[in-house]
Every structure is written in C-alpha cells, then in structure tokens.
1. Asp92 fails exactly one of the following numbered conditions: (1) part of a loop (DSSP other than H, G, I, E, B); (2) modelled with pLDDT under 95; (3) on the phi < 0 side of the Ramachandran plot. What is the number of that condition?
2. Assigned to a helix (DSSP H, G or I), small (Gly, Ala, Ser) and surrounded by fewer than 19 Cβ atoms within 10 Å (Cβ to Cβ), is that true of Ala71?
3. Out of Ile28, Ile9, which single residue is surrounded by fewer than 18 Cβ atoms within 10 Å (Cβ to Cβ), of a type in the set (Val, Ile, Thr) and over 30 Å from Glu147 (Cα atoms)?
4. Go through the residues of the range 3-11 one by one and say whether even a single one is in contact with a Cys (Cβ under 9 Å, 6 or more places away or on another chain), touching a residue at least 60 places away in the same chain (Cβ under 8 Å), on the phi < 0 side of the Ramachandran plot and of a type in the set (S, T, N, Q).
5. I want to confirm something. Restricting to the range 42-58 and keeping residues that are free of Cβ contacts under 8 Å to residues at least 24 places away in the same chain and of a type outside the set (Lys, Arg), which single residue is surrounded by the fewest Cβ atoms within 10 Å (Cβ to Cβ)?
6. If you check every pair at least six apart or on different chains, which have Cβ atoms under 6 Å apart with a residue in the range 70-83 that is at pLDDT below 95 first and a residue that is surrounded by 19 or more Cβ atoms within 10 Å (Cβ to Cβ) second?
7. State all residues of the range 50-68 that are of a type outside the set (A, V, I, L, M, F, W, C) and either in a loop (DSSP other than H, G, I, E, B) or out of contact with any Phe, Trp or Tyr (no Cβ under 7 Å at 6 or more places or on another chain) (or both); if no residue qualifies, say none.
Amino acid sequence: MSHNLQLAIRYLESLEWRFMVEEEQEIIRLDISVPNAKLDCILHVLPKQEFILFFSLFPIPIPEEKRLLIAEYITRANYGLNAGNLELDFKDGEVRYRTYCNTDNDSLNEEIIRHLIHVNIQPMDRYAAGIMKVLYGNQTPLQAIEEVEIENDDEDDDDEDTNQLLKDLLN
C-alpha cells in the first residue's frame, strides 16, 4: 500500500466516512449522497505515474438511444469547466466526472484530497440535474444546460454556497 493511499484512508477515516479499500489496485470506493444524486465514487492512487484520480459516477447508465443527446450535453457542460471533466462511455452508458492531481515529491496532503473531492462532487451534483432533464424531462441538451447553469449561476461566484456544500458533504 502506497503512502498516498494510506494518507487518503486516514483522511476519509477522520471524516468518519464509510469506504472500501482495494489495496492491490490502490483504490478506495465510497458512496456520496448529494442533492441531485447518490454517487458511487472512486479514489485511485497511481504511484508510478505520481497522481491521484477521483471519479464520481452518475447512478444511472445512459440508455443507448439517449447517448448522443447526453454526449452533446456533456460537451456543452465541459466547455465551461475549470477543473475536471464529465465523460461518457459509449459502450455501457456510464457517465462520470473525473478530477486528478499530481502527487510528485510526496506533495499530497489532506487539504489536497479535500479539494480533489470537492471540485469533483460539486459540478457532478450540478450537472446530474441536467442529465436527468435530458433523460426524463424531454429537454434538449441546450435547454438543460442553460437551465442548470442559470439555476447555479450565483454558485460560481459565491464561496459561501460552495463552502456549505462541502461542509454538508464532509460532516
């Protein structure tokens, strides 16, 4: 088990979160509930490449007939994202949000792990609502993205809302 995986475990234990460790793969699996979805999450330490990945998975596989619409929605969402990105696996319909950080020179610490999780969960929660609107609300990707971004327009500039979401997640 790498030092970075041990650090991530200690951090998650300090939050009293439930999680499962797959030592051989250097993976931690956990569930995080946010207002718009219950997310399966994966923290993956890659010691040889000197980085750590965090994925949050949208809970519903995208039906094949909706994948092109969701791909358009994801492309529109990704254009304005500063940290991380949404991804769609066309094979099985999995949608996930990916963030990562470099861990060279043993630079990883609890604050970096907290940030890695936060900058992942917040946009995934935000854009999950739009995915649902395209899947079940008969909205076009453009309508859904405009609605989601208008609803959340103040959050980009409002650290108070961001900090409250993180506080709620971490407590």
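1. (2)
2. On the way: assigned to a helix (DSSP H, G or I): yes; small (Gly, Ala, Ser): yes; surrounded by fewer than 19 Cβ atoms within 10 Å (Cβ to Cβ): yes.
Against the criterion (assigned to a helix (DSSP H, G or I), small (Gly, Ala, Ser) and surrounded by fewer than 19 Cβ atoms within 10 Å (Cβ to Cβ)), Ala71 qualifies.
3. Values: Ile28 fails: surrounded by fewer than 18 Cβ atoms within 10 Å (Cβ to Cβ).
Of Ile28, Ile9, the one residue that is surrounded by fewer than 18 Cβ atoms within 10 Å (Cβ to Cβ), of a type in the set (Val, Ile, Thr) and over 30 Å from Glu147 (Cα atoms) is Ile9.
4. Within the range 3-11, the subset in contact with a Cys (Cβ under 9 Å, 6 or more places away or on another chain) is none.
No, every residue in the range 3-11 fails to be in contact with a Cys (Cβ under 9 Å, 6 or more places away or on another chain), touching a residue at least 60 places away in the same chain (Cβ under 8 Å), on the phi < 0 side of the Ramachandran plot and of a type in the set (S, T, N, Q).
5. Initially, the range 42-58 is screened for residues free of Cβ contacts under 8 Å to residues at least 24 places away in the same chain, giving 42, 44, 46, 48-49.
Right, trim to of a type outside the set (Lys, Arg) and you get 42, 44, 46, 49.
Details: Ile42: 17, His44: 19, Leu46: 15, Gln49: 12.
Of everything passing the filter in the range 42-58, Gln49 is surrounded by the fewest Cβ atoms within 10 Å (Cβ to Cβ).
6. Qualifying pairs under 6 Å: Ala83/Val119.
7. If we filter the range 50-68 for residues that are of a type outside the set (A, V, I, L, M, F, W, C), which is where we start, we get 50, 56, 59, 61, 63-67.
If the condition is that a residue be of a type outside the set (A, V, I, L, M, F, W, C) and either in a loop (DSSP other than H, G, I, E, B) or out of contact with any Phe, Trp or Tyr (no Cβ under 7 Å at 6 or more places or on another chain) (or both), then Glu50, Pro59, Pro61, Pro63, Glu64, Glu65, Lys66 are the ones that fit.
Conditions tested, residue by residue: (1) within 20 Å of Pro141 (Cα to Cα); (2) more than 16 Å from the chain's Cα centre (by Cα); (3) among the hydroxyl-bearing types (Ser, Thr, Tyr).
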{"residue": "Glu24", "(1), (2), (3)": "no, yes, no"}
{"residue": "Ile32", "(1), (2), (3)": "no, no, no"}
{"residue": "Pro35", "(1), (2), (3)": "no, no, no"}
{"residue": "Leu46", "(1), (2), (3)": "no, yes, no"}
{"residue": "Leu53", "(1), (2), (3)": "no, no, no"}
{"residue": "Ile62", "(1), (2), (3)": "yes, yes, no"}
{"residue": "Ile70", "(1), (2), (3)": "yes, yes, no"}
{"residue": "Leu86", "(1), (2), (3)": "yes, no, no"}
{"residue": "Phe90", "(1), (2), (3)": "yes, yes, no"}
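The values are calculated or read from the model by the stated rules, or taken from the named source; none is laboratory data. Since we're looking at a predicted model, the values are computed, not measured. Because the Cβ atoms are built from the backbone with ideal geometry, glycine has one as well, and the counts that use them run over all protein chains shown.
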